[in-house]
Amino acid sequence: MTRKMLESVLVALVLDVLANGVPTRSAASCPSFCVCDTWYELHRVSCIGRHLYSIHTGASSDVQAMDVSRNSISELDDYELANIGLSELIYLNLSANTISDIGMHAFDGLSELAVLDLSQNHLHYLLPKTFVPAKSLRILQLSKNNFNSRVPKLQSPSITNLALDSCQISHVPADTFDGLSHLHTLDLSNNLMIQLDSAVLQPLKLTEISIEGNPWSCDKLMHDLELYLTSNNIEHSAVCVKIPGPKKFEKMILYDPQKKCEKCRPPKIANKNMKKDTLTPNKNCTPMPAIGNTTVCVNNTTEESDLTRTLNAISPYWFFAFGFVLGSACGTFACYIWLTRSVTCCRGYRERRSNDIQRVSLLQNLWQFDDSTFNDSGTISCPGTPPPPYREVMLRPGLYRPSSRACNNAATSRTGRI
């Protein structure tokens, strides 16, 4: 759309120039790294993709169209274009460069400039009066720059077409286009805007606007914008079209007899004696009230299985409750197993510990009385009694528990014998 519009405006400018009697210049000299030709009756110099770092190409002063796109030009200083003799330019293409700074007087002296292409550069801001000296400027291309929230508030009474698409614009203040009183075509597509107030466009005399490709939030503000564009006959693409759906409790199910009830068509029986065909009803077909002159037949046999209907009838909350109960049961069972093992381990440990203590106590009771102890305490030991085997002591500990009374009795019997 923009290319066709650019060509049409350019043709109109050329015809205007020819009608006013301004003769076209002939090429006096052409730079060695550029191509010079005639384009729409204009003397053009094309230096596309030549790795230029400056606008200084050595072109003659009679150049009317200049294309220096896809180079490495980074800035335009004040009065730079006029100082190198490019004051006759009507068309200037500076797209796909690295321009990040433009002086406020960079276009002074270019009174014939009508088309300026600054798209696909590194522009972050523009001074409001940058294009005021170009009094014939009609088309300004600023696409694919990075303005974000710093949308340029340009002032130019001559600009009619402005392209700000793909510029990462997130918000457009209300006074952004107040200085563009003759703007007719505006392109704000493929940006990051979610809202656009109609008050932004009211100072303009727009006939066409492009706003598609933005993440619009279709609220009341956007509906008011579309209402404003429609009421003022501004050509645009609708971005918040709401598909009307059936209202609540007003949904209707329509049955197509040819598709929904193919199986329940009664077969026709040809009979020469009958004036009309005999129709055999289908048991699986339930007649419905007639809609107009068409009888609707509903087939009772459904394609869905009983399991599918049962699952559809069950509420999702039952699945949640079943999962909760199943999880609780699994957790309880795991805790029971863990506690059972813990109790069993503790019981076995206690039994082993009691057996060890019992064994130690038996051995201590067997050998705790030595000769020195009996001599000190005045008791008599049992010297002639050999100790029992360790195995028997462990198997029958009750039979081999020595006591002081048994030793005293043994000592008394020995003394009487003696």
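The values are calculated or read from the model by the stated rules, or taken from the named source; none is laboratory data. Note that this is a predicted model, so its numbers are computed, not measured. For accessibility, only protein heavy atoms count, side chains too; no ligands or nucleic acids. Shrake-Rupley method; radii C 1.70, N 1.55, O 1.52, S 1.80 Å.
Using a 1.4 Å probe and counting only protein heavy atoms, arrange Thr207, Thr160 so the residue with the most accessible area comes first. Could you put the intermediate results ahead of the total?
Values: Thr207 75, Thr160 30 Å².
Final ranking, largest accessible area leading: Thr207, Thr160.
For the range 95-103, take each phi angle, set θ = phi - 60°, evaluate the Karplus expression 6.51 cos²θ - 1.76 cosθ + 1.60, and give the result in whole Hz per residue in order, putting x for glycine and proline.
Values, residue by residue: 6, 6, 10, 10, 5, 10, 9, 10, x Hz.
Go through the range 125-135 residue by residue and turn each phi into a ³J(HN,Hα) via Karplus (6.51, -1.76, 1.60, θ = phi - 60°); whole Hz please, and just put x for glycine and proline.
Per-residue couplings from phi come out as 7, 9, 5, x, 9, 5, 9, 5, x, 7, 6 Hz.
Can you work out the Karplus-derived ³J(HN,Hα) for every residue in the range 43-50? Use 6.51 cos²θ - 1.76 cosθ + 1.60 with θ = phi - 60°, whole Hz, and x for glycine or proline.
Those phi angles translate into 6, 10, 10, 10, 10, 8, x, 10 Hz.
Where does each of Val151, Val132 land when they are ordered by accessible area, with a 1.4 Å probe and the largest first?
Final ranking, largest accessible area leading: Val132, Val151.
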